[in-house]
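The values are calculated or read from the model by the stated rules, or taken from the named source; none is laboratory data. Given the structure is predicted, the values throughout are model-derived calculations rather than measurements. Cβ placement follows ideal geometry from the backbone for every residue including glycine, while neighbour counts extend to all protein chains displayed. SASA here: full protein model, heavy atoms, side chains in, ligands and nucleic acids out. Shrake-Rupley method; radii C 1.70, N 1.55, O 1.52, S 1.80 Å.
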Amino acid sequence: MRPFLVAGNWKMNGSRESIARLVNEILQGLEVTANTQVLVCPPYVYLADTARLLKGSTVILGAQDVCAEDNGAYTGEISGAMLQDFDCRYVVVGHSERRSLYAEDDRLVARKFMAAQKASLIPILCVGETLEERERGTTHAVIMRQLKAVSDVAGIAAFGRAAVAYEPVWAIGTGKTATPEQAQEVHELMRGCIRAGDARIADAIRLIYGGSVKAANAAELFRMPDIDGGLVGGASLEAREFLAICKAAA
Ligand code: PEP
């Protein structure tokens, strides 16, 4: 059985003090279950503190982004090897905020995906359509294009060491969640797309949903057959809410 993955994306929020408090509250309240993995992705500058606090716990550390290059003159960037230095195991690539605010296209996202794997990190590839794309009826085409951009260059086997997050752009940080049926439809499409390349990988890969997940809607989303967890933004900044979401996954 695929273990559920509940990932907290803290984006550019918090302070050194508030992040430490949040990590401690999560550690104190988390009920460890065998079938759920909990991951937190703090801002880069708080990775070292968070890694120290998480040591010896079951909570996994991840980062929110990675540079596509290995090292060199890339001012302001952070490489996969650097993230490894701080005990990161996962990294988010292709988050819609990176795609829209920092003009990251499918090609760059694919390179980041491969850079993460080269550094032995597990990429969480984010895909998702805008409201306009959904209304135009192109959701499936957009998701397929975003997946194919990675499988074309990395190969389908690369999905054996990755997770994919379906995050409809219109649901991120808006309070508007996809219905369980809308989310399931896209998750099923993604699993089918991966299955066409490799059935074993399709059965094993975690496909997680993101977009205004909260304690009140997590259980109904997580009940869907192809949803294997959540990528949680706003609600992961409050320990009690995030813990309730983790409990819904268990
Ligand atoms: C996200 O940041 O990936 C996200 C899904 O945010 P939110 O849960 O706040 O919609």
* Go over the candidates VAL153, VAL127 one by one and state the one that is in contact with a strand residue (DSSP E or B) (Cβ under 9 Å, 6 or more places away or on another chain) and either without any contact (Cβ under 8 Å) to a residue 24 or more places away in the chain or among the β-branched types (Val, Ile, Thr) (or both). => VAL127
* Failed condition for THR139, given (1) under 18 Å from the mean Cα position of the chain (by Cα); (2) open to solvent by less than 60 Å² (accessible area, probe 1.4 Å); (3) of a type outside the set (A, V, I, L, M, F, W, C) -> (1)
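I'd like the full set of residues that are part of a helix (DSSP H, G or I) and loosely packed, with under 14 Cβ neighbours inside 10 Å, limited to the stretch 49-63. So that I can check it myself, show each step before the final result.
First pass over the stretch 49-63, keeping only residues part of a helix (DSSP H, G or I): 49-54.
Correct list: ARG52 only.
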* To do: State whether the residues of the stretch 115-127 include one that is open to solvent by less than 40 Å² (accessible area, probe 1.4 Å), within 18 Å of the chain's Cα centre (by Cα), more than 16 Å from the ligand (Cβ to nearest atom) and hydroxyl-bearing (Ser, Thr, Tyr).
  => no
* Asked: Any idea which residue in the stretch 209-244 is most open to solvent (accessible area, probe 1.4 Å), counting only those that are near the ligand (Cβ under 10 Å from one of its atoms) and hydrophobic (A, V, I, L, M, F, W, C)?
  -> LEU237
* List every residue pair whose Cβ atoms sit under 6 Å apart, with the two residues 6 or more apart in sequence or on different chains, where the first one lies in the stretch 234-250 and is more than 14 Å from TRP10 (Cα to Cα) and the second, anywhere, is of a type in the set (Phe, Trp, Tyr). => ALA248/PHE222; ALA249/PHE4; ALA249/PHE222
* Structure fact -> A careful count of residues in the stretch 11-64 that are touching a Lys or Arg at 6+ places or on another chain (Cβ under 7 Å) and either at pLDDT below 95 or of a type in the set (Lys, Arg) (or both) gives 1
* Residues satisfying the stated conditions in the stretch 156-185, i.e. within 14 Å of the ligand (Cβ to nearest atom) and either surrounded by fewer than 17 Cβ atoms within 10 Å (Cβ to Cβ) or without any contact (Cβ under 8 Å) to a residue 60 or more places away in the chain (or both) -> VAL164, TYR166, PRO168, TRP170, ALA171, GLY173, THR174, GLY175, LYS176, THR177, ALA178, ALA183
* Asked: Which of the residues belonging to the stretch 218-236 are under 20 Å from CYS126 (Cα atoms) and either assigned to a helix (DSSP H, G or I) or not hydrophobic (A, V, I, L, M, F, W, C) (or both)?
  -> ALA218, LEU221, PHE222, PRO225, ASP226, ASP228, GLY229, GLY230, GLY233, GLY234, ALA235, SER236
